Structure formats: structure tokens, C-alpha cells
Protein chains: 2
Amino acid sequence: MKRHFDEELKKLNKKILQMCALVENSIYNAIDALKEQNKDKAQEVIDNDKNIDELELVIEDKCLSLLSLFQPQAKDLRFITNATKINAELERIADLSVDIAQRVLELADQPLLKPLVDIPKLSSVAQKMVKDAIDSFVKCDTELAKKVILSDKEADNLRNLVQRELIYDYMAKDGTTAVRAVPLLLIARHLERICDHATNIAEDVIYMVCAKLVKHHHEKLDNT
Amino acid sequence: MKRHFDEELKKLNKKILQMCALVENSIYNAIDALKEQNKDKAQEVIDNDKNIDELELVIEDKCLSLLSLFQPQAKDLRFITNATKINAELERIADLSVDIAQRVLELADQPLLKPLVDIPKLSSVAQKMVKDAIDSFVKCDTELAKKVILSDKEADNLRNLVQRELIYDYMAKDGTTAVRAVPLLLIARHLERICDHATNIAEDVIYMVCAKLVKHHHEKLDNT
């Protein structure tokens, strides 16, 4: 029974890693599409999302059947319940990549506002946070998870900077830029929400490894 | 054992209903604060969010200990795993009410753009969707859950209408309106995301009652 359970757990882990790879790819392509103003790449991100949706359901189903068949305890129970949550976070990150890709399509036929303000910087932060959150999960690395949680502040600040610049330096000075500035403002928010989901994953990893809830309680990070 | 489990399940249910009441309250107050431009009410929404965060953790913990102690099967297992998800959706809805309240504070010292475009209409749709999603959960009413899912299109359309109006009728014509128009545009997006979370709850209810996944597959709604 134990061996069978361990094998099934390995299969679940493999599916989650596959999900991670698809989601990382989705963000990278959405951001590339933005930088290159590449409509085909943006459309690809949108089209590929159905594979991520399907895989989310497969993983959810797998978790539920593991809970039902093996009634796992302690760390295994925490792993599986956390897998369902991380799975949902990953799917939402992919949805946000689709949101970015849709903004790229809206922007594609008009000249970009130079120089995309601080969006490339915010993209790098978002990509790194997602990569580190996934790595912290794969390696059960709580130090890396903490780093992700602490980066979220930077993402919030960058988002605010982008927003202020777009409102005061572009739209308020020349209203006709609104059609191009609003999609960029939304992209900054999509990226910041991607960072929020990476933070949620990191919190789940700390709970999974240390059985310690840091969600809504970042002051507890020092003691993990 | 069975009696003890049933009692614990009742306690869990009670906590979730308490969470529902807090979250519904949070949206109502955030929207009232917007309509009345009432800073105190907006601040209250922000301050009360910590109670919702705490209750989320209590419910999460309760679900995990029920899974661990009683190893429930079939419908009970689905109820508990769904409770964790609905709990998370409710907490996110409350976070979005906080987002709305923050925009209200940003807008409070400046004249509103008349007549708040279609935001009051979108607010009504959002409030009704959340109320119906919660009722569908309380009454295990899949017909009501389906209704919620089908309303999501209307929310998307209203959000697009608000956005287009703010960009083309306000900001593009007079760039100085951007400072007041952008928070409204974001409020419309917060409301539309509240509708998305209500839809997620409704999908979870259908899964809980019928063991049928309709997430990402709304074409299956006819056969539930």
C-alpha cells in the first residue's frame, strides 16, 4: 500500500512539474510578445491556455483520488492539500499571461508609448518570483520561499511607479495617449498580480515544509 | 465516530456561513462607500479585512484537521476539499472589496466623474452574483449555481462598456480627467473579478453536489 502510494505521489509530482513548465513558458511568451509587439506569439499564449486548464483538472482529480484512496497523514496530507492550492495558483498565473497577451493584441496596431516605462523591470521581477516560487516548491527550499515573499513589496512599488507615470506623464498631459496607456497600466497590474500568486505559492511551500502558516502573517517569516 | 464527524462538519459549515456574511458585508460597504464618497466607510472595509483573513486561516485549519482525523469519503470528502476552495475564493472577494475601498480613498478628495458611468449597474450584478453563489452553496442548489455562471458574461460586457466610455468619452477628450477616470476603471475591473470568483464558487458547488467538473467546460452546464 505504502509503495503504491509513493508511486502515485511521484506521478502527481511529475504532473505538477509539467504544469510549472507550461506556466513559466506562458509568462515568458506573453512578455516576449509584448516586447516584440508580436501578435502571433500573443495568440499562441491565448491558444495554449486550454492545455493548462486541462492539466489543472487532471491534477485536481489526482489529488482528490489520492486523498480518498490512501487517507494520507501529516506531511503527505499537507503535500497533497497544498498541491491542489499551488495548482490553482499556477492556473491563475497562466490566466494572467493570457490577459497580458490580450492587451498585446489591443496594442499591436498602434505605436508603443516609449519606452514601455518600468514594465520590462516589473516583468523581470515577476518572472524571477514565479521561477523562485516554483523552485522553492520543487526543492522544498523555505529560504528561497521567504525571498519570494519579501520581493513582493518591490513588485508593488514598481506597479505604482508605472501607474503614476502613465497617468501624470502621459494621459494627463495628452488625453489621446489613453488608448495606448490604459492597456500598459493593466499589464502592470496583471504582472503585479502574477507576483501575488507567486507569493501565495511561497507561503504554501513554507506551510508544507514547516507546518507553519505565514499567510497574512509575514512577521512570522523570521522564525521559519 | 460518525456522530463526532457530523458535529465537526456542522461547526465547519457554521464558520463558512460566518465567512460568507463578513464577505457580503465587505462588498456592500465598499460599494456604499463609493456611492457616498464616504472615506470612513472605506477605511472600515480596509480595517475589517484582518478579521476575514483570520477566519480564512481558522477554516483552512479546520478542513485539514477533519481530513486528517476522519478520512472522509465521497460526498463528505468533496464537501471538505470544496470548503477549502470556497474559503479561498471568499477571502479573495474580500481583498477585492479592500481594493475598491482603496480606490474610494484615492477618489474621495476630488469631484466624481458623473454619473459613475455603468459602475452602479456592474456593482448590482456583482453583489447579486456573490449572494446567489453563496445561497447556491448553502442550499446545494445547482440551478442557482448555473444561473451565476451564466451571469458572468453580462459582467464582462458591463466592464468593457465602462472601460470604453472612460477611455474614449473622458480621458481621450480631456487628459486631465485621467486621475479620476483610472480609479473608476480599476473599480470596474475589481468588480468584474469579484464576479469571476462568484463564478468559481458556483462551479465548485456544482462539483460538490453532482461530482461533475464544469470549470473550463461551461458547455456541460446543460447536462447537470
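The values are calculated or read from the model by the stated rules, or taken from the named source; none is laboratory data. Quick caveat: nothing in here was measured; it's all calculated off a predicted structure. We place every Cβ from the backbone using ideal geometry, glycine too, and count neighbours over all the protein chains shown. Only protein heavy atoms, including side chains, enter the accessible area calculation; ligands, DNA and RNA are left aside. Shrake-Rupley method; radii C 1.70, N 1.55, O 1.52, S 1.80 Å.
Restricting attention to region B:50-74, which residues are touching a helix residue (DSSP H, G or I) at 6+ places or on another chain (Cβ under 7 Å), within 7 Å of another protein chain (Cβ to nearest Cβ) and not in a helix (DSSP H, G or I)? Hit for region B:50-74 is B:GLN73, nothing else.
Considering only region A:1-47, how many residues are polar (S, T, N, Q), open to solvent by 40 Å² or more (accessible area, probe 1.4 Å) and more than 14 Å from A:ILE59 (Cα to Cα)?
Taking region A:1-47 as the starting set, the residues that turn out to be polar (S, T, N, Q) are A:13, A:18, A:25-26, A:29, A:37-38, A:43.
Then keep just the ones that are open to solvent by 40 Å² or more (accessible area, probe 1.4 Å); that gives A:13, A:18, A:25, A:37-38, A:43.
Right, trim to more than 14 Å from A:ILE59 (Cα to Cα) and you get A:25, A:37-38, A:43.
Result for region A:1-47: 4.
For the condition touching a Lys or Arg at 6+ places or on another chain (Cβ under 9 Å) and at pLDDT below 95, what is the one hit in B:ASP204, B:ASP169? Outline the logic, then answer.
Numbers: B:ASP169 fails: touching a Lys or Arg at 6+ places or on another chain (Cβ under 9 Å).
Result of the check over B:ASP204, B:ASP169: B:ASP204.
Of all the criteria given as (1) touching a residue at least 24 places away in the same chain (Cβ under 8 Å); (2) open to solvent by less than 50 Å² (accessible area, probe 1.4 Å); (3) within 10 Å of chain A (Cβ to nearest Cβ), the one not satisfied by B:ASP95 is (2). State whether the residues of region B:121-144 include one that is assigned to a loop (DSSP other than H, G, I, E, B), in contact (Cβ under 8 Å) with a residue 60 or more places away in the chain and open to solvent by less than 30 Å² (accessible area, probe 1.4 Å). No, region B:121-144 has no match at all. Yes or no: B:LEU221 at pLDDT 95 or above, away from chain A (no Cβ under 11 Å) and surrounded by fewer than 20 Cβ atoms within 10 Å (Cβ to Cβ)? So B:LEU221 fails the test.
Do we have A:GLU203 as in contact (Cβ under 8 Å) with a residue 12 or more places away in the chain, under 20 Å from A:ALA88 (Cβ atoms) and open to solvent by 10 Å² or more (accessible area, probe 1.4 Å) here? For A:GLU203, the condition - in contact (Cβ under 8 Å) with a residue 12 or more places away in the chain, under 20 Å from A:ALA88 (Cβ atoms) and open to solvent by 10 Å² or more (accessible area, probe 1.4 Å) - is met.
Checking region B:166-173 against the condition returns a match, with at least one residue being open to solvent by 10 Å² or more (accessible area, probe 1.4 Å), aliphatic (A, V, I, L, M) and assigned to a helix (DSSP H, G or I).
Considered as a group, the residues in region A:175-195 that are of a type outside the set (Gly, Ala, Ser) and facing chain B (nearest Cβ under 9 Å) include one that is nearest to B:ARG92 (Cα to Cα), and that residue is A:ARG189. Residues of region B:104-120 that are away from chain A (no Cβ under 14 Å) and not in a loop (DSSP other than H, G, I, E, B): B:VAL104, B:LEU105, B:ILE119, B:PRO120. For region B:148-161, the criterion of being touching a Ser or Thr at 6+ places or on another chain (Cβ under 7 Å), open to solvent by less than 10 Å² (accessible area, probe 1.4 Å) and within 13 Å of another protein chain (Cβ to nearest Cβ) is met by no residue.
Quick one: would you say B:ALA211 is under 12 Å from B:ARG103 (Cβ atoms) and modelled with pLDDT under 95?
Numbers: under 12 Å from B:ARG103 (Cβ atoms): no; modelled with pLDDT under 95: yes.
Against the criterion (under 12 Å from B:ARG103 (Cβ atoms) and modelled with pLDDT under 95), B:ALA211 does not qualify.
So in region A:68-88, with the set limited to residues that are within 13 Å of A:ALA202 (Cα to Cα) and among the polar types (S, T, N, Q), which one is nearest to the chain's Cα centre (by Cα)? Taking the candidates together, the pick is A:ASN87.
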